[in-house]
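Written below as structure tokens is the structure these notes are about.
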Amino acid sequence: MLENFSFRTITEYLPLFGYGFAATLWLSIVSFAGALAVGITLCAMNLQRSQALKVPAKIYIDVIRATPLLAQLYFLYFGLPRLGVVLPELFIGILALSLNSGAYVAEIIRAGILSISRGQVEAGIASGMTYFQRMRLVVLPQAFRVTIPPLLGQAIVLVKDSALLSLISVSELTRAGQLLASDRFMPAEGFITTAACYLALYYGLKTLAASSERWLRLRPTGNLK
Amino acid sequence: MIWQQLQSLIGSYPLALRGLAMTIALSLLSLILGTLIGFFLGVLRTKGNRLIIRVIGAWVDLIRGTPFLVQIFLIFFILPELGIELDAFTAGIIALTNLAACFICEIVAAGIRSVPTGQVEAALASGLSQWHRMRQVVLPQAMRVALPPLVGQYVLLIKDSSVVSAIGLTDLTRVGWLVVQRVPNGLLVFAIVGAGYFVVCYPLILLARRLEKNMNAAHGEVQL
Amino acid sequence: MIKFRGVNKWFGALHVLKDITLNVEPREVVVVCGPSGSGKSTLIRCINGLETIKNGDLVVDGQRLGDRATNMTELRTEVGFVFQSFNLYPHKTALENVILAPIHVRKIPKAEAEIAGREMLAKVGLADKFNSYPAELSGGQQQRVAIARCLCMRPKIMLFDEPTSALDPEMISEVLDVMVGVAEEGMTMMVVTHEMGFARKVARRVVFMDAGAIVETGPPEEFFSNPKTDRSRAFLSKILRH
């Protein structure tokens, strides 16, 4: 029955989708910045010798990875008011995305740091560098390059995950699709347009990831085996 | 107050069990179907003809590029418009199986590509048929590479099954949502829901880590 | 300059250094050889603290390792270390590799460090490679950059851990030539290597190790032509056969 597919209705709702697209884009950017902050903190804790820092970070990462984002989102959405913290849905959504993605970002950065060979660290030690000098001058600049592609991969996951915020009625892309579907009983028009918008974001990020990889390959760094 | 809430929570345990059973049924069924289809597509993706490779690639991209929530809505609301009547459970299974198949297809294809061409050439040289080359030489080696991400994918699948609560299926997450309307303690209710997922997912995460470690040890390069 | 007295070290249950006693004088060049797993790399890695010793005394440049008063970071600036696998920083050019530690550890102004760095790279025959990244250099060139990187710190002692064994045969001599040059300028050197030509040319002594212990020491001519123990004879017959 898709012969009734109405492009005209989509055009009518275009401003709403434009608004949703922009909302998804900027709330993803803010959440990703939050995820980086959370991830770097967790990773720094995880790499310490002190168990008092290491263990909480590990537990946090495991708990986040073993539970669904939707349950985490509801945990904050229904739980925060209970603690007397009343926040707009949008803030709760951004908080949930940052806390969730942060755990994955922490693992990506950790893998990047651990991928730097022992010999690099030893070269730093042998030339008399302190721990922080070795980190700053030798390890982190190399780890940074290794982590860019997987971090962009995580950004793609985050953009898609942000669709769940529509379930706590944040106005974003998926919500726009839902509105069109329920106002006009046109789910096909609503959700196909939504999907197309996400695909545009996906291909944008994918192109960015591919070109970053090419850029990193062109820079003659070559991992020494 | 807390005591009353606890009592009320304990009272809703049959509902919680039903939710857990639903989550497990959804995950398990789509896991099995998704693995079978994913393997088949994965082999086709590396060995099929060019058109098939293109079509699979485009489909996988489409699924990877859109949120799972949107996929569920599309399947649940649009298939009926095409004249295919389906209930929420079937829609959930279709969506999850499709998602799993797409990711597993990529994992299997990457595993197959990781097998050195020398292995295939050796099998060719000893006169094995294409089926036997795949079955005896390539797939066993590809599996070793594919297994850790495959287990990781199962964890994602179980977690993604929570999203089908959006079309009204009473799974674990939906039960939490229902209970929290009566017992207004979101922290407690969703901590319990989270614990339900944790006991299923965490052992799998540990398994994936272990497999990965074993694989790295077996294929370990010499670290200079 | 370097004094081992009764040094022992274990890796778990494995006794990797057994009661090592050895004296290296200033300006002396000592070659350490022995079969793989004999503890020769561990021996020189102890000198700049890449490995720690279990007991005994190890005094380097008048400072006792393991003493609280000994500042390892300072000591390491006086001891250069050349690795088997070069360990150049892949994200830095040859010149940046050479001047990184002088700037950040020795606190030399950048302009000054660059002048010294260029000079050192020219000295090891890489005047045209200042801006090349390690991945663009051959193994022999990389190892020469690594030597220049050490020299630029103006160390009192240089340690070499099998500097040519990761190299293709045709590149070995370009690295050895540089090392001979360093030795002839009067550097105190300990070199783990099987390059007998190098030992003959510049070493005052050869130390032969086996199973974690020093089995024999002597001038190279004497060691090569007239080894005193069965184990050193067996070892020499293996490496000289080809």
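The values are calculated or read from the model by the stated rules, or taken from the named source; none is laboratory data. In this text, all values refer to a predicted model and were calculated from it rather than measured experimentally. When we count neighbours, we look across all protein chains shown, and the Cβ atoms used for this are built from the backbone with ideal geometry, even at glycine. In case anyone asks, the SASA skips ligands and DNA or RNA and just uses the protein heavy atoms, side chains included. Shrake-Rupley method; radii C 1.70, N 1.55, O 1.52, S 1.80 Å.
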- Can you grab the distance from the C-alpha centre of the stretch B:1-59 to the C-alpha centre of the stretch B:161-218, Å, no decimals? 12
- Task: Could you look at the stretch B:2-218 and say what percent of its accessible area is carbon and sulfur, using a 1.4 Å probe and all protein chains?
- Result: 68
- Query: B:L15 to B:Q141: extension gain in nm, 0.36 nm per residue of separation minus the Cα-Cα distance?
  - Reply: 40.9 nm
- Query: Over chain A, what relative contact order in percent results from Cα pairs under 8 Å that are six or more residues apart?
  - Reply: 28
- Note on the structure: In the stretch A:60-77, the residues losing 30 Å² or more of accessible area (1.4 Å probe, heavy atoms of protein chains only) relative to their chain alone are A:D62, A:R65, A:A66, A:T67, A:P68, A:L70, A:A71, A:Y74, A:F75
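Let me make sure I get this right: for the stretch A:11-218, a, b and c are the square roots of the gyration tensor eigenvalues over alpha carbons, sorted descending. Under 1.5 in a/c it's rounded, otherwise prolate if a/b > b/c, else oblate. Which is it?
Numbers: a/c = 3.46, a/b = 1.71, b/c = 2.02.
It is oblate, given that a/c is not under 1.5 and a/b is not larger than b/c.
List the GluC sites (Glu not before Pro) in the stretch A:139-216 that DSSP assigns to loop (not H, G, I, E or B) and whose Cβ has at most 14 other Cβ atoms within 10 Å. Which are they? Please list the in-between numbers first.
On the way: sites: A:E172, A:E189, A:E213; in loops: A:E172.
Sparse-neighbourhood loop GluC sites (Glu not before Pro): none present.
Please state the shape class of the stretch B:67-204: rounded when a/c is under 1.5, otherwise prolate if a/b exceeds b/c and oblate if not, all from the C-alpha gyration tensor.
Details: a/c = 4.59, a/b = 1.98, b/c = 2.32.
Judged from the Cα gyration tensor, the stretch B:67-204 comes out oblate (a/c at least 1.5, b/c at or above a/b).
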- Task: Return the average number of partner chain Cβ atoms within 10 angstrom of each residue Cβ along peptide B:184-193.
- Result: 6
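If you roll a 1.4 angstrom probe over the protein chains with everything in place, what fraction of the accessible area of the stretch A:11-218 belongs to carbon and sulfur, to the nearest %?
On the way: 6420 of 9040 Å².
It is 71 percent, rounded to a whole number.
Looking only at other chains, what is the average number of their beta-carbon atoms within 10 angstrom of each beta-carbon in B:151-159? Mind dumping the intermediate values first?
On the way: counts 0, 1, 0, 0, 2, 3, 0, 3, 7.
That works out to 2 on average.
Select from the stretch A:1-72 those trypsin sites (Lys or Arg not before Pro) which occupy a DSSP coil region and have at most 10 other Cβ atoms within 10 Å, ordered by residue number. Don't jump to the answer; show the numbers that get you there.
Details: sites: A:R8, A:R49, A:K54, A:K58, A:R65; in loops: A:R49.
Answer by residue number: A:R49.
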- Message: Could you report the stretch B:2-218's accessible area per residue, 1.4 Å probe, as an integer in Å²?
- Response: 49
- Note on the structure: So the C/B interface buries, both sides summed and with a 1.4 Å probe, an accessible area in Å² (nearest 100) of 100
- Which one of B:I104, B:I24, B:I84 has the biggest mean-square fluctuation once chain B is modelled by GNM with Cα springs under 10 Å? B:I84
- Item | Span from the the stretch C:114-158 Cα centroid across to the the stretch A:65-110 one, whole angstrom | 51
- Query: Near A:K58, which aspartates and glutamates are there with a Cα under 13 Å away, not counting those fewer than 8 places off in the same chain?
  - Reply: A:E107
- Query: In nm, to one decimal, how far is the modelled label at C:A135 from the one at A:K54, with both set 7 Å along Cα→Cβ?
  - Reply: 3.3
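What does the charge add up to near A:L14, with Lys and Arg as +1, Asp and Glu as -1, over the other residues with Cβ less than 12 Å from its Cβ? Before the final figure, lay out the partial values.
Values: positive: A:R8; negative: A:E12, A:E189.
Surrounding charge for A:L14 is -1.
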- Query: Among C:G12, C:G181, C:G49, whose mean-square fluctuation peaks in a Gaussian network model of chain C (Cα, cutoff 10 Å)?
  - Reply: C:G12
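Okay, helix-only estimate at 222 nm for chain C: each DSSP H run of n ≥ 4 adds -39500 (n - 2.57), divide by all residues, round to 500 deg cm²/dmol; what do you get? Write down the numbers at each step before the final one.
Details: 9 runs with 93 residues, N = 242.
After summing the helix terms and dividing by residue count, I get -11500 deg cm²/dmol.
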- How much accessible area is lost when chains B and A come together, counting both sides, with a 1.4 Å probe, in Å² rounded to the nearest 100? 3600
- Item | Among A:A200, A:A106, A:A143: highest mean-square fluctuation, GNM of chain A, C-alpha pairs under 10 Å | A:A200
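Tally up the carbon and sulfur contribution to the accessible surface of chain C as a whole percent, 1.4 Å probe, everything protein left in place. Working shown, then result.
Details: 5030 of 10470 Å².
After summing per-atom areas, the C and S share lands at 48 percent.
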- Item | Sequence-separation-based contact order of the stretch C:43-186, relative, with Cα cut under 8 Å and 6+ spacing, percent | 30
- Task: Per DSSP H run of n ≥ 4, the term is -39500 (n - 2.57); total these for chain B, divide by its residue number, and report the mean residue ellipticity at 222 nm rounded to 500 deg cm²/dmol.
- Result: -26500 deg cm²/dmol
- Using the Cα atoms of the stretch C:1-105 to build a convex hull, what is its mean projected area in square nanometres? 8.2
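Which value, in Å², gives the accessible area per residue of the stretch A:84-206 when a 1.4 Å probe is used on the protein heavy atoms?
On the way: 4460 Å² over 123 residues.
Averaged over the residues of the stretch A:84-206, the accessible area is 36 Å².
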- Message: With loop defined by DSSP as not H, G, I, E or B, and exposure as at most 13 other Cβ atoms within 10 Å, which is the longest segment of chain B clear of exposed GluC sites (Glu not before Pro)?
- Response: B:86-220
- Take the alpha-carbon centre of the stretch A:153-190, take the same for the stretch B:123-159, and report the distance between them in whole Å. 37
- Counting only other chains, what is the mean number of Cβ atoms within 10 angstrom of the Cβ of each residue in peptide A:110-120? 2
- Add +1 for every Lys or Arg and -1 for every Asp or Glu among the other residues with Cβ under 13 Å from the Cβ of A:A96, and state the total. -2
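With n ≥ 4 as the cut-off for DSSP H runs, can you work out [θ] at 222 nm for chain A, using -39500 (n - 2.57) per run divided by the number of residues, rounded to the nearest 500?
-25500 deg cm²/dmol, from helical runs alone.
Can you put A:T130, C:T21, B:T23 in order of accessible area, largest first, using a 1.4 Å probe? Present the calculation step by step, with values, prior to reporting the outcome.
On the way: A:T130 60, C:T21 85, B:T23 5 Å².
These residues rank, largest area first, as C:T21, A:T130, B:T23.
Taking only C-alpha pairs under 8 Å that are 6+ residues apart, what is the relative contact order of the stretch B:2-218 in percent?
Details: 221 pairs, mean separation 63.8, N = 217.
It comes to 29 percent, rounded to a whole number.
In the stretch B:1-100, which chymotrypsin sites (Phe, Trp or Tyr not before Pro) are in a loop and have at most 15 other Cβ atoms within 10 Å, using DSSP for the loop call?
Details: sites: B:W3, B:F39, B:F40, B:W59, B:F68, B:F73, B:F76, B:F77, B:F89; in loops: none.
Those that pass, being in a loop and sparsely packed, number zero.
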- Between chains C and A, what is the buried accessible area summed over both chains (1.4 Å probe, protein heavy atoms, nearest 100 Å²)? 2100
- Message: Sort A:80-90, C:37-47 by the packing proxy (mean of other Cβ within 10 Å over each peptide's residues), most packed first.
- Response: C:37-47, A:80-90
